[in-house]
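Notes follow the structure.
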Amino acid sequence: MNINMDVIREVMAVAKRLDEKTLVNTFEGNISAKVDGKIYITPTTKNKGLLTEDMIAVMDENGNQIHGNCKPTSELPMHTETYTIRDDIGGVVHCHPPYLTAYALANKDVETRAYPEMMGNFCKFECAPYGRPGTDKILAGAIPILQNKRDIVLLGNHGVLVVGKTVTDAMNKTEAAEAIAKALFLTAQLGGEVPLSDEECQFFLDLQKTK
């Protein structure tokens, strides 16, 4: 079957780290990697910090499960479709971190004119319209955003979808995005951000375009 055990272990390591940071839990969040045409994905309703190698589902190019004794997450169709959007996507994290999810529930983009690291690395996190979880509608509003080379998309009234070149890359972006959302949320409690000049903002936005 040519199962890549290194990829299975990478998915497990990402799941464990995100669980330790309380960004996923047994009932919320799913993680996958795509390597050599196969999708390696976390199972449904299992503690992400206690996964074993035989719990990771591996799906072949025809959608058949060829490894794992657990049923894959119900969001498998979302992951499968996400990999068709861009050739550079090799890992997907979908989760409900508190601050990013707060913005998603409010249907608000995460954006700033004060935070250089946000502007220079991500520009902004756009919020896609609501699509029912577990159906083919969940990704509909996110597709144009992903096609526009955005790696982090808020799913309205739901959570966040993060893509990367690898699943570890997607994890790193997830952690950074949640930290940014938290900082901006707390800034709003202090009366709002003090924006940088138009020239300074443009410098960092142009920097992001080169990455």
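Taken together, the values in this text are just the output of simple stated rules run on the coordinates, not laboratory data. The shown structure was predicted, so the numbers you read here are calculated from the model rather than taken from an experiment. Cβ sites come from the backbone with ideal geometry, for glycine too, and all protein chains shown count toward neighbours.
What to note about this one:
- DSSP-loop chymotrypsin sites (Phe, Trp or Tyr not before Pro) across the stretch 1-105, with at most 15 other Cβ within 10 angstrom: PHE27
- Considering only LEU190, LEU100, LEU155, the Gaussian network model of the chain with Cα springs below 10 Å gives its largest mean-square fluctuation to LEU190.
- Kirkwood Rh and Cα Rg combined as Rg/Rh, the stretch 5-209: 0.99
- Summed over qualifying helices (DSSP H, 4 residues or more, each -39500 (n - 2.57)) and divided by its residue number, the chain shows a 222 nm mean residue ellipticity of -11500 deg cm²/dmol.
- Membrane-span-like helices in the chain, defined here as complete DSSP H runs extending at least 24 Å along the helix axis by their C-alpha atoms with mean Kyte-Doolittle hydropathy no lower than 0.0, are 167-189; this is a sequence and geometry rule, not a statement about a membrane.
- Residues in the stretch 68-82 reached by a label modelled at ASN2 [backbone nitrogen below 20 Å; 7 Å Cα→Cβ]: 68
- Between ALA140, ALA176, ALA188, the residue with the greatest mean-square fluctuation in the GNM of the chain (Cα pairs under 10 Å linked by springs) is ALA188.
- Label-to-label distance, ALA13 versus ALA140, with points set 7 angstrom from Cα along the beta-carbon direction: 3.9 nm.
- Proximal charge balance of VAL24 [Cβ under 15 Å; K/R count +1, D/E count -1]: 0
- Around THR73: net Lys/Arg minus Asp/Glu count, Cβ-Cβ under 11 Å: +1
- Spin-label pair ARG132/GLN147, simplified geometry with 7 Å Cα→Cβ offset, distance in nm: 2.4 nm
- If you wrap the tightest convex hull around every Cα atom of the stretch 1-85 and split its volume per residue, you get 84 Å³.
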